[in-house]
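Handing you this structure, nothing more for now.
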Amino acid sequence: MALEDYKGVFIFAQQVDNELSNIALELLGKARDLANDLDEKKVTAVLLGSGVGNLADKLAEYGADRVIVVDDPALKDYRTEPYTHALASVIDEYKPEILLVGATAIGRDLGPRVSSRVHTGLTADCTQLDIGDFPLNPVEGQEQKHKQLLMTRPAFGGNTIATIACPEFRPQMATVRPGVMQKIEPKKGAKAEIVNYNPGFKENNCYTEILKIVKEVSEIEDIQDAKILVSGGRGVGSPENFKILEDLAKVLHGTVSCSRAVVDSGWKPKDMQVGQTGKTVRPHVYFAIGISGAIQHVAGMEESDIIVAINKDENAPIFDVADYGVVGDLNKVVPLLTKKLEAALADK
């Protein structure tokens, strides 16, 4: 493998039912940053599907300079083998230095299979990506390589953070957690170079046959889309006590979320969890109620515009990241806050 033959930053532009997933646009924003650090001019999006060419313009508006389109009926719905064949073939043909994939259900299936097919490494579920030297600190007798992709991810159940590199193989591949990276402001009317590429598909005994697609309708709002989040931790005391958080969220037209401790206790479903092992959120306002502020939770919400913490422990770590803090009994503070906000909003 001649490493110098591999150039450019690529992203897998996930689409479902001919609609781009948010993670594709988030990855484009980060890919632009990485390309700038590498003095690369082009960011490339790889778009797989059937009848998906119309999505290229949106990818261009969000930062793609080039879109490689593999359009084939075999890719209409996600299936492991044809998607793996398509993406691995693009890598073999265009030789990217970096390939980013969203850590979605699709990406977590596709990424490892593609990396194995092209014989490279993959760092899964990354929360931070940088260009730098590896090893991070010089080691006597070991060459320190420059301009490597440094991939940071939680390890050991979120109890520590690991930074990983892949200096000997290409492409450097990572799956990236949704909600972690920022989309750029779209440039209306931007156009990208369109490259149509199709490696051809021959069904084999690894191809699955889709008999029926059943779409589950979730009654739980996606906390990653919420502008205001009212989040509760173990300190709320009981699942029944979340009613006072729901009342506050209702007044503010917000959404209720929670910490890992709440999910582990069986009080709320996993889809509502904020943190390293849950979802990363960036609301305008984040209420941390009865949440101590462990680093694993903070990592999932510290980019919120305004953080309001309510906790009876004045030494709780959550106050270190909060913009506003209230030390007191949440059973008294939250209902009073709800009442005051309700009155104030009623006057407008």
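If R0 is 25 Å, what FRET efficiency do you get for Glu314 and Lys339 from their C-beta distance, rounded to 0.05?
Using R0 = 25 Å, I get an efficiency of 0.55.
To continue, here is another question. I need the peptides 255-267, 284-296 ranked by packing, meaning the mean over residues of other C-beta atoms within 10 angstrom, with the highest value on top. Display every interim value, and only then the final one.
Working: 255-267: 21.4, 284-296: 23.1.
Ranking, from highest mean packing down: 284-296, 255-267.
Taking the chain as a Gaussian network, Cα atoms linked when under 10 Å apart, which of Val43, Val334, Val274 shows the biggest mean-square fluctuation?
Most flexible of the set in this elastic network: Val334.
Also: Please tell me the relative contact order of region 3-196 in percent, rounded to the nearest whole number, where contacts are Cα pairs under 8 Å and at least six residues apart.
Numbers: 423 pairs, mean separation 55.5, N = 194.
Normalised by residue count, the contact order of region 3-196 is 29 percent.
Provide Glu302, Glu26, Glu185, Glu40 in ascending order of the number of other Cβ atoms located within 10 Å of each residue's Cβ, fewest first.
Ascending number of Cβ neighbours within 10 Å: Glu185, Glu302, Glu40, Glu26.
Helix 243-252: angle to the longest alpha-carbon principal axis of the chain, degrees 0 to 90, nearest 10?
70 degrees
Neighbour counts of other C-beta atoms within 10 Å: give me Leu27, Leu122 arranged from fewest to most.
Leu122, Leu27
Label region 223-346 by shape, choosing from rounded, prolate and oblate, from the square roots a ≥ b ≥ c of the eigenvalues of the Cα gyration tensor; if a/c is under 1.5 it is rounded, and otherwise prolate applies when a/b is larger than b/c, oblate when it is not.
Values: a/c = 1.27, a/b = 1.24, b/c = 1.02.
It is rounded, given that a/c, with a ≥ b ≥ c, falls under 1.5.
Just the number, please: percent antiparallel of the DSSP beta bridges in region 3-196, rounded to the nearest 5.
About 35 percent, rounded to the nearest 5.
Taking springs between alpha-carbon atoms closer than 10 angstrom, which of Val180, Val321, Val281 fluctuates most in the Gaussian network model of the chain?
In this elastic network of the chain, the residue with the biggest mean-square fluctuation among Val180, Val321, Val281 is Val321.
Looking at the chain, send over the antiparallel percent of its DSSP beta bridges, to the nearest 5.
Values: 14 of 59 bridges.
Roughly 25 percent of the DSSP beta bridges within the chain come out antiparallel.
Still on this model: If we count other beta carbons within 10 Å of each Cβ, what is the order of Lys187, Lys268, Lys202, Lys312, fewest first?
Arranged by neighbour count, lowest to highest, Lys187, Lys268, Lys202, Lys312 become Lys202, Lys187, Lys312, Lys268.
Mind pulling the angle between the C-alpha long axis of helix 105-117 and the longest principal axis of the chain? Nearest 10 degrees, somewhere in 0 to 90.
Orientation of helix 105-117: about 30 degrees from the principal axis.
Given axes a ≥ b ≥ c from the Cα gyration tensor, I'd like to know whether region 110-166 is rounded (a/c under 1.5), prolate (a/b larger than b/c) or oblate.
oblate
Assign one of three labels to region 277-348, namely rounded, prolate or oblate, based on the Cα gyration tensor with a ≥ b ≥ c the square roots of its eigenvalues; rounded applies when a/c is under 1.5, prolate when it is not and a/b is larger than b/c, and oblate otherwise. Don't skip to the end; give the middle numbers.
Numbers: a/c = 2.45, a/b = 1.42, b/c = 1.73.
Since a/c reaches 1.5 but b/c is at least a/b, the shape of region 277-348 is classed as oblate.
Since every read-out is calculated from the coordinates, none of them should be taken as a lab result. All values reported here derive from a predicted model rather than from experimental measurement. Here the Cβ is made from the backbone with ideal geometry for all residues, glycine too, and neighbour counts use every protein chain on show.
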